[in-house]
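Visitor: My questions all concern the structure below.
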Amino acid sequence: MARYDDGSQSRTFSHWDQYLTMAFAQLTYRESLRDIEACLRSVTGKLYHLGIRSKVARTTLADANESRDWRIFADFAQVLIRIARPLYAADPIGVDLDHSVYALDSTTIDLCLSLFSWAKFRRHKGAVKIHTLLDLHGNIPTFISITNGKVHDVNILDEIAPEAGAFYVMDRGYVDFERLYVFTLSAAFFVVRTKSNVLIQRQYSHPVDKTTGVRSDHTVILTAINSVKAYPEQLRRVSYLDVKTRKRFKFLTNNFMLPALTIAQIYKSRWQVELFFKWIKQHLRIKAFYGTSENAVKTQIWVAVSVYVLVAIVRKRLALEASLYQILQILSVTLFEKNANFTGHPSTGLPRQFSRPR
């Protein structure tokens, strides 16, 4: 915290009080600063159980969100992420693979341009993008970049340091061969859905089992001059037909060892990042904001991310059967209660929804 301390912390409202207050707002679905203030004042005698040491005024919270560096909360979320990832490292992802697999994508949150003038997107519209690299073992976000809506997805590849031996799964918006070549140079693998206008020359055809949905497996090279300069090595193109939707997909990858069907399955696992975005938009407060400045918006998003990861840690450490959504719902109504007051599982003292699997 000292790294970003600008002297804004007061004796009566610390950074920790600010975090706990914002986490309370996430867990209990508060609508506004006034809503947060009213609810906390109604349970003044129980604030101690939550860890809040002072009374919370909406003006104090608003000032803190505006002035205190959002990176404090981003760093705290990263600490939690480093705790959570090993807990989920053995979780299945639907593909028989010993490597780490990450999905990269973004989601857009619309904003009113007149209120959020820094978040320019279109002429009369504002937006922020949340660019996320998701570890598919447990769906834990490992990298998040919050930008205005005009930043193109492919630019985020410049901020990612590829992990040797890992797979990175991306949609067509990330086709940039100069940037993709960085993955190859870093001994990392990518699986990306290709665009129709990419000029490719087939060099070799490999046998495939069409009953699996795989239609072709080719070794190819790029033929456009700029593309060849950016990516001078061979690529692999896999064509796959989804038998349910009858939709055909074509993927490019720099991995030549795995079966073609596995490459298609790796790309299919990318859907988990879409579900992650859908989940956090439905169950956390990241579509409506308590402040309008860039700092306030990023603070709120990073607190939401940390809450998500905290719940994931609790779920795994206590071996709970409940889903993340169920845990959030229970916390929203029991946040100020002591475990001893719960009528729950006899061996854990937790609510029966939280009981360990038998």
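The values are calculated or read from the model by the stated rules, or taken from the named source; none is laboratory data. Worth saying up front: this structure is predicted, and the values here are computed from it rather than measured. As a convention, Cβ positions derive from the backbone with ideal geometry for all residues, glycine included, and neighbour counts pool all protein chains shown.
Visitor: So E66 passes all but one of these: (1) touching a Gly at 6+ places or on another chain (Cβ under 9 Å); (2) under 19 Å from T28 (Cα atoms); (3) of a type outside the set (A, V, I, L, M). Which condition number does it fail?
Guide: Among (1) touching a Gly at 6+ places or on another chain (Cβ under 9 Å); (2) under 19 Å from T28 (Cα atoms); (3) of a type outside the set (A, V, I, L, M), E66 violates only (2).
Every residue, every condition in (1) in contact with a Ser or Thr (Cβ under 6 Å, 6 or more places away or on another chain); (2) within 22 Å of L136 (Cα to Cα); (3) among the acidic types (D, E), yes or no:
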| position | (1), (2), (3) |
| --- | --- |
| Q201 | yes, no, no |
| S205 | no, no, no |
| D209 | no, no, yes |
| T219 | no, no, no |
| V228 | no, no, no |
| L261 | yes, yes, no |
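Visitor: Further, regarding this structure: Consider the range 226-242. How many of its residues are closer than 15 Å to S216 by Cα and either in contact with a Cys (Cβ under 9 Å, 6 or more places away or on another chain) or surrounded by fewer than 20 Cβ atoms within 10 Å (Cβ to Cβ) (or both)? Outline the logic, then answer.
Guide: First pass over the range 226-242, keeping only residues closer than 15 Å to S216 by Cα: 235-242.
With either in contact with a Cys (Cβ under 9 Å, 6 or more places away or on another chain) or surrounded by fewer than 20 Cβ atoms within 10 Å (Cβ to Cβ) (or both) added as a condition, the list becomes 237, 239, 241-242.
Residues that pass the stated criteria total 4.
Visitor: Same structure, new question: Starting from the range 243-270, keep only residues that are at pLDDT below 95 and part of a loop (DSSP other than H, G, I, E, B), then list their pairs with residues that are crowded, with 17+ Cβ neighbours inside 10 Å and acidic (D, E) whose Cβ atoms are within a distance under 8 Å, requiring at least 6 positions of separation or different chains.
Guide: R270/D105; R270/D171
Visitor: If you don't mind, there's one more thing I want to ask. What do you reckon, is Q300 over 28 Å from D75 (Cβ atoms) and buried (at least 17 other Cβ atoms within 10 Å of the Cβ)?
Guide: On the way: over 28 Å from D75 (Cβ atoms): no; buried (at least 17 other Cβ atoms within 10 Å of the Cβ): yes.
No; evaluated as a whole, the condition is false for this residue.
Visitor: If a residue must be surrounded by fewer than 17 Cβ atoms within 10 Å (Cβ to Cβ) and not basic (K, R), how many such residues does the range 185-205 contain?
Guide: 10
Visitor: Something else now. Give all pairs with beta carbons closer than 8 Å in which a residue from the range 323-336 that is closer than 19 Å to E31 by Cα meets a residue that is surrounded by 13 or more Cβ atoms within 10 Å (Cβ to Cβ) and small (G, A, S); count only pairs at least 6 apart in sequence or on separate chains.
Guide: Here the result reads I330/A322, each pair linking the range 323-336 to a residue that is surrounded by 13 or more Cβ atoms within 10 Å (Cβ to Cβ) and small (G, A, S).
Visitor: Another one. If I filter the range 93-104 for residues that are free of Cβ contacts under 8 Å to residues at least 60 places away in the same chain, surrounded by fewer than 20 Cβ atoms within 10 Å (Cβ to Cβ) and either in contact with a helix residue (DSSP H, G or I) (Cβ under 6 Å, 6 or more places away or on another chain) or part of a loop (DSSP other than H, G, I, E, B) (or both), do I get at least one hit? Even if it seems obvious, please write down each step before you answer.
Guide: In the first step, residues of the range 93-104 are kept if they are free of Cβ contacts under 8 Å to residues at least 60 places away in the same chain; the result is 98.
Among the residues that remain, those that are also surrounded by fewer than 20 Cβ atoms within 10 Å (Cβ to Cβ) are: 98.
Subset that is either in contact with a helix residue (DSSP H, G or I) (Cβ under 6 Å, 6 or more places away or on another chain) or part of a loop (DSSP other than H, G, I, E, B) (or both): 98.
For the range 93-104, residues free of Cβ contacts under 8 Å to residues at least 60 places away in the same chain, surrounded by fewer than 20 Cβ atoms within 10 Å (Cβ to Cβ) and either in contact with a helix residue (DSSP H, G or I) (Cβ under 6 Å, 6 or more places away or on another chain) or part of a loop (DSSP other than H, G, I, E, B) (or both): present.
Visitor: Among residues belonging to the range 314-323 that are of a type outside the set (D, E, K, R) and surrounded by fewer than 17 Cβ atoms within 10 Å (Cβ to Cβ), point out the one that is modelled with the lowest pLDDT.
Guide: S323
Visitor: I would also like to ask the following. Residues R68, R58, R82: which one is buried (at least 19 other Cβ atoms within 10 Å of the Cβ) and charged (D, E, K, R)? Talk me through it step by step, then tell me what you get.
Guide: Working: R58 fails: buried (at least 19 other Cβ atoms within 10 Å of the Cβ); R82 fails: buried (at least 19 other Cβ atoms within 10 Å of the Cβ).
The unique qualifying residue is R68.
Visitor: Of all residues being among the aromatic types (F, W, Y) and either out of contact with any Cys (no Cβ under 9 Å at 6 or more places or on another chain) or free of Cβ contacts under 8 Å to residues at least 40 places away in the same chain (or both) in the range 16-52, which is surrounded by the fewest Cβ atoms within 10 Å (Cβ to Cβ)? Just the residue, please.
Guide: Going through the range 16-52, the residues among the aromatic types (F, W, Y) turn out to be 16, 19, 24, 29, 48.
When the remaining residues are screened for being either out of contact with any Cys (no Cβ under 9 Å at 6 or more places or on another chain) or free of Cβ contacts under 8 Å to residues at least 40 places away in the same chain (or both), the result is 16, 19, 29, 48.
Working: W16: 14, Y19: 22, Y29: 13, Y48: 10.
The selected residue is Y48.
Visitor: Restricting the search to the range 243-263, which residues are in contact with a strand residue (DSSP E or B) (Cβ under 7 Å, 6 or more places away or on another chain) and under 18 Å from S196 (Cβ atoms)? Spell out the reasoning first.
Guide: Taking the range 243-263 and keeping what is in contact with a strand residue (DSSP E or B) (Cβ under 7 Å, 6 or more places away or on another chain), we get 248-256, 260-261, 263.
Result: R248, F249, K250, F251, L252, T253.
Visitor: I would also like to ask the following. In this structure, is N197 at pLDDT 95 or above, part of a loop (DSSP other than H, G, I, E, B) and assigned by TED's automatic domain parsing to the domain that holds G126? Spell out how you get there, then give the answer.
Guide: On the way: at pLDDT 95 or above: no; part of a loop (DSSP other than H, G, I, E, B): yes; assigned by TED's automatic domain parsing to the domain that holds G126: yes.
It is false that N197 is at pLDDT 95 or above, part of a loop (DSSP other than H, G, I, E, B) and assigned by TED's automatic domain parsing to the domain that holds G126.
Visitor: Evaluate the range 198-208: report whether one residue or more is touching a Phe, Trp or Tyr at 6+ places or on another chain (Cβ under 9 Å) and closer than 26 Å to H99 by Cα. Break it down into steps so the answer makes sense when it comes.
Guide: Residues of the range 198-208 touching a Phe, Trp or Tyr at 6+ places or on another chain (Cβ under 9 Å): 198.
Among the residues that remain, those that are also closer than 26 Å to H99 by Cα are: none.
Within the range 198-208, none of the residues are touching a Phe, Trp or Tyr at 6+ places or on another chain (Cβ under 9 Å) and closer than 26 Å to H99 by Cα.
Visitor: One residue is enough: does the range 277-292 have a residue meeting the conditions out of contact with any His (no Cβ under 8 Å at 6 or more places or on another chain), surrounded by fewer than 16 Cβ atoms within 10 Å (Cβ to Cβ), assigned to a loop (DSSP other than H, G, I, E, B) and not assigned by TED's automatic domain parsing to the domain that holds R172?
Guide: yes
Visitor: Sticking with this structure for a sec: Which residue, of V154, V182, V191, is touching a Ser or Thr at 6+ places or on another chain (Cβ under 6 Å) and modelled with pLDDT of 95 or more? Spell out how you get there, then give the answer.
Guide: Working: V154 fails: touching a Ser or Thr at 6+ places or on another chain (Cβ under 6 Å); V182 fails: touching a Ser or Thr at 6+ places or on another chain (Cβ under 6 Å).
After ruling out the rest, the residue left standing is V191.
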